[in-house]
Amino acid sequence: MNIDLNADLAEGYGPWRMGDDTALLDVLSSANLACGFHAGDPLIMQRTVELAMARGVDIGAHVGFPDRQGFGRRVMQIDITELAAIVTYQLGALDGICRARGARMTHMSFHGALGNMVAADHALAAALVRAVATFDPKLILLTSASRAMEAAAHDCGLRAATTFLADRAYDDDGLLVSRKLAGSVIHDRAHVLERVKRILRQGNVVTHSGNTLAMRPASILLHGDTDGAVDLARAIREEVVASGACIVPISRQGCR
């Protein structure tokens, strides 16, 4: 079994830093970089690209709402045509930095509130995934379990890879539970590791309601903006290796 270890990086702004990207990049096989809208700025993006390149880590765009103050976690009512342009703008920003440094952008994912909306809305997914495919049909769409996203990727001819969020609760349809609900974010280290072990060995996750949901992800997402994130990421990597899985970036594995 091949599995990618992934995290959202470059989420600082100016002198402010969010998480220890340098340490995380020693654990990861791919990274999603904020593109300046929910977080990030050109210099942070450039530095993170250079760090990823030095470690052979895949680089992808992490696209969100234009909401720095809310870290992209607030729902914004924006016309679909404008949202598609916002997606293209962010992809272009990171792609330009990658090209200038001799790197290649391999994948993209949607961040925060935008990601939750796209995963649940077939019409929105169709429009925004089409924007991604128009920009670069070779990009891999990294997404949480979502029928809307999977259908949109299929219709646009994009490869899609499912990612498992080890510290986030799922509903019975495979969508992420709202952060407003108790238990939506899992802080207990032992519980997170148990979920990783279960997904790797049994191919399922226990949902927020207590049911069992089948899931065979190509990637595990490690959040880098929480307390103890680097140590937890290392423990998850150890669990993956102990399970007999090989850590392989999504660009070098058959996506599911």
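The values are calculated or read from the model by the stated rules, or taken from the named source; none is laboratory data. No experiment lies behind these values; they were computed from the predicted model shown. All Cβ positions, even for glycine, are placed from backbone atoms using ideal geometry, and neighbour counts span all protein chains on display.
Of the strands (runs of 3 or more DSSP E) that lie entirely inside region 90-177, those containing 2 or more residues that are surrounded by fewer than 22 Cβ atoms within 10 Å (Cβ to Cβ) span 159-165. Which numbered condition trips up E238, out of (1) surrounded by fewer than 16 Cβ atoms within 10 Å (Cβ to Cβ); (2) in a loop (DSSP other than H, G, I, E, B)? Every condition holds for E238 apart from (2).
Cβ separations smaller than 7 Å between residues 6+ apart or across chains give the following pairs from region 195-217 residues that are under 15 Å from N2 (Cβ atoms) to residues that are aromatic (F, W, Y): I199/F164; P217/F164. Looking at T88, T48, can you tell me which residue is more than 26 Å from L175 (Cβ to Cβ), under 18 Å from the mean Cα position of the chain (by Cα) and of a type in the set (S, T, N, Q)? Just a single option satisfies the conditions, and that option is T48. The residue list V230, V206 contains one member that is surrounded by fewer than 20 Cβ atoms within 10 Å (Cβ to Cβ), under 30 Å from R74 (Cβ atoms), touching a strand residue (DSSP E or B) at 6+ places or on another chain (Cβ under 7 Å) and not charged (D, E, K, R), which is V206.
Filtered by the rule that a residue be touching a residue at least 60 places away in the same chain (Cβ under 8 Å) and within 16 Å of M117 (Cα to Cα), region 152-177 gives a lone residue, L176. Is it the case that some residue within region 13-33 is in contact with an Asp or Glu (Cβ under 7 Å, 6 or more places away or on another chain), over 20 Å from D167 (Cβ atoms) and buried (at least 16 other Cβ atoms within 10 Å of the Cβ)? Yes, that holds for at least one residue. Out of A39, A52, A103, one residue alone is modelled with pLDDT of 95 or more and farther than 23 Å from P249 by Cα. It is A39. Name every residue in region 179-194 that is without any contact (Cβ under 8 Å) to a residue 24 or more places away in the chain, outside any helix (DSSP H, G or I) and exposed (fewer than 12 other Cβ atoms within 10 Å of the Cβ), in order of residue number. Those that are without any contact (Cβ under 8 Å) to a residue 24 or more places away in the chain, outside any helix (DSSP H, G or I) and exposed (fewer than 12 other Cβ atoms within 10 Å of the Cβ): K180, A182, D188. Among the residues examined, G64 qualifies as surrounded by 18 or more Cβ atoms within 10 Å (Cβ to Cβ) and either on the phi < 0 side of the Ramachandran plot or not charged (D, E, K, R) (or both). Hey, does region 68-89 have a residue that's among the basic types (K, R) and part of a helix (DSSP H, G or I)? No, the conditions are met nowhere in region 68-89.
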